[in-house]
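The values are calculated or read from the model by the stated rules, or taken from the named source; none is laboratory data. Model, not experiment: these values are computed from the prediction. Cβ sites come from the backbone with ideal geometry, for glycine too, and all protein chains shown count toward neighbours. SASA here: full protein model, heavy atoms, side chains in, ligands and nucleic acids out. Shrake-Rupley method; radii C 1.70, N 1.55, O 1.52, S 1.80 Å.
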Amino acid sequence: MFTYAPAPESTAIVDLKPSYGLFVDGKFTDGSGAFKTINPATEEVLAEVALADEADVDRAVAAARKAFKKWSKMKGSERGKYLFRIARIIQERSRELAVLESLDNGKPIRESRDVDVPLVAAHFFYYAGWADKLSYAGFGPNPQPLGVAGQVIPWNFPLLMLAWKIAPALATGNTVVLKPAETTPLTALLFAEICQQADLPPGVVNIVTGAGATGAAIVNHPGVDKVAFTGSTEVGRLIARSVAGTRKKVTLELGGKAANIVFEDAALDQAVEGIVNGIFFNQGHVCCAGSRLLVQESVADQVLEALKRRMATLRVGDPLDKNTDIGAINSAEQLARITALAEIGSAEAERWSPPCELPSKGFWFAPTIFTGVTQAHRIAQEEVFGPVLSVLTFRTPAEAVEKANNTPYGLSAGIWTEKGSRILSMADKLRAGVVWANTFNKFDPTSPFGGYKESGYGREGGRHGLEGYLDV
């Protein structure tokens, strides 16, 4: 096996400030308090960040409401120019954004650099193109914006989820009050600087930082016309209850427990790479992660042998090292949840991890698989949101469909087979918002994304992503 010399990315490109304020009405301002954000790989404090209370949210919503009057009346072609400008600045500052994302989140730099940031720019480019073509989007001849969009995003893809939310909102003429996750606020605040650099009119984008109470203040604010949330199903339920009976439009993208289905005729080496990408990408901190592997019984031993061999080559460690495959778990709280569910799984099924020396500081969890899993096991039903894979077997396509759909979630699924007819037949039967064929975790701004059942409702991305921000 090859050995890899350390190849760390320099942090010199990032100008980390000791403290960050709220971004309201085009300016950085103080909040009602402060909290610290840390590097999950080292547990070192990165910065102190302002904490927004209800009064701060009031100010942000008022600024967004004021800006909406002009922004919504602006020609779509002019709004599009601002989005194009933001997209180009993101590209110009891509290395800075990628390094800051890995510092604050814990994900490997090659994922931030090669996946997250390019997709962020692509979303702004894509929706910039829609800004002057809304009458051709299929939502009526003269679709109108809703008003102020309150957006709450998670910590697993901080910058990418920001782009998923803000780009369509601005393209359709809405203004925004966005709250990043408490553990990953820094790239959202750097995006606020990009808004200033792009000369975006004050109040069009407002970013308020804080914990759950700040998010609740946004969701429940009477001046918010649209709520967009990505996060846990538990919080999604609370949001759905709180906005029920109001005029607010809502989209929810929640948890998942995706089935990654491998048939005996699949290209197995390719499938193994897809399995690894499906569950170990971003430390498994992915709503649509392929956390349930369903393998046809006749090739199960062969697939497992190849999977274990491939897992033994995964490199766990410093997120800023360009050789790293699996970075740090985002927080101590999330590590505790993963550890607790893995211990439950150990009592239910057979646990295996490759030999793996974990760093002494920071939050780390070795890539893990469970075999001998049944559908009744908690490890196969509950979302772990970490680098943990449950392996089940099946004999027939009908059994695969039954097991794949035996979950309260319905966000994504994967199918590995050489037969196109089987792909189409399976995809038609799987109750999942996104079905990948002979690949996994592939995203494109032109393609809609969203789920069924407890994975939420509404779509983000593509033409469909415009609908949630239009009065249709």
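Looking at ALA131, ALA163, just one residue is open to solvent by less than 10 Å² (accessible area, probe 1.4 Å) and within 20 Å of the chain's Cα centre (by Cα), and that residue is ALA163.
Scanning the stretch 160-210 for residues that are farther than 30 Å from ALA332 by Cβ and among the hydrophobic types (A, V, I, L, M, F, W, C) yields ALA167, ALA169, LEU170, ALA171, VAL176, ILE194, CYS195, ALA198, LEU200, VAL204, VAL205. One residue alone among PHE157, PHE191 is open to solvent by 10 Å² or more (accessible area, probe 1.4 Å) and within 28 Å of GLY386 (Cβ to Cβ), and that residue is PHE157.
Might you let me know whether the stretch 438-456 holds any residue that is open to solvent by 30 Å² or more (accessible area, probe 1.4 Å), in contact (Cβ under 8 Å) with a residue 60 or more places away in the chain and not in a loop (DSSP other than H, G, I, E, B)? Yes, the stretch 438-456 has at least one match. Only a single criterion out of (1) free of Cβ contacts under 8 Å to residues at least 24 places away in the same chain; (2) closer than 25 Å to ASN406 by Cα; (3) in a loop (DSSP other than H, G, I, E, B) is not satisfied by SER421, namely (3). Residues of the stretch 407-421 that are in contact with a strand residue (DSSP E or B) (Cβ under 9 Å, 6 or more places away or on another chain) and surrounded by fewer than 16 Cβ atoms within 10 Å (Cβ to Cβ): GLY420 alone. For the stretch 362-403, the set of residues classified as part of a helix (DSSP H, G or I) and either closer than 17 Å to VAL299 by Cβ or open to solvent by less than 10 Å² (accessible area, probe 1.4 Å) (or both) consists of ILE379, ALA380, PRO397, GLU399, ALA400, LYS403, listed by residue number. The criterion of at least 1 residues that are surrounded by fewer than 24 Cβ atoms within 10 Å (Cβ to Cβ) and in contact (Cβ under 8 Å) with a residue 12 or more places away in the chain is met by the following strands (runs of 3 or more DSSP E) wholly inside the stretch 1-118: 27-29, 33-38, 45-51. Just checking, which of GLY215, GLY231, GLY278, GLY256 is open to solvent by less than 40 Å² (accessible area, probe 1.4 Å) and either touching an Asp or Glu at 6+ places or on another chain (Cβ under 6 Å) or under 24 Å from ALA55 (Cα atoms) (or both)? Unique residue meeting the criteria: GLY215. Quick one: would you say ARG459 is surrounded by fewer than 20 Cβ atoms within 10 Å (Cβ to Cβ), in contact with a strand residue (DSSP E or B) (Cβ under 9 Å, 6 or more places away or on another chain) and under 29 Å from VAL262 (Cβ atoms)? No, not satisfied. Take VAL303 and decide whether it is under 18 Å from the mean Cα position of the chain (by Cα) and touching a residue at least 40 places away in the same chain (Cβ under 8 Å). It is false that VAL303 is under 18 Å from the mean Cα position of the chain (by Cα) and touching a residue at least 40 places away in the same chain (Cβ under 8 Å).
Of the residues screened, VAL286 is not one that is within 16 Å of the chain's Cα centre (by Cα) and part of a helix (DSSP H, G or I).
Of the residues making up the stretch 1-58, those that are closer than 27 Å to GLY327 by Cβ, polar (S, T, N, Q) and at pLDDT 95 or above number 6.
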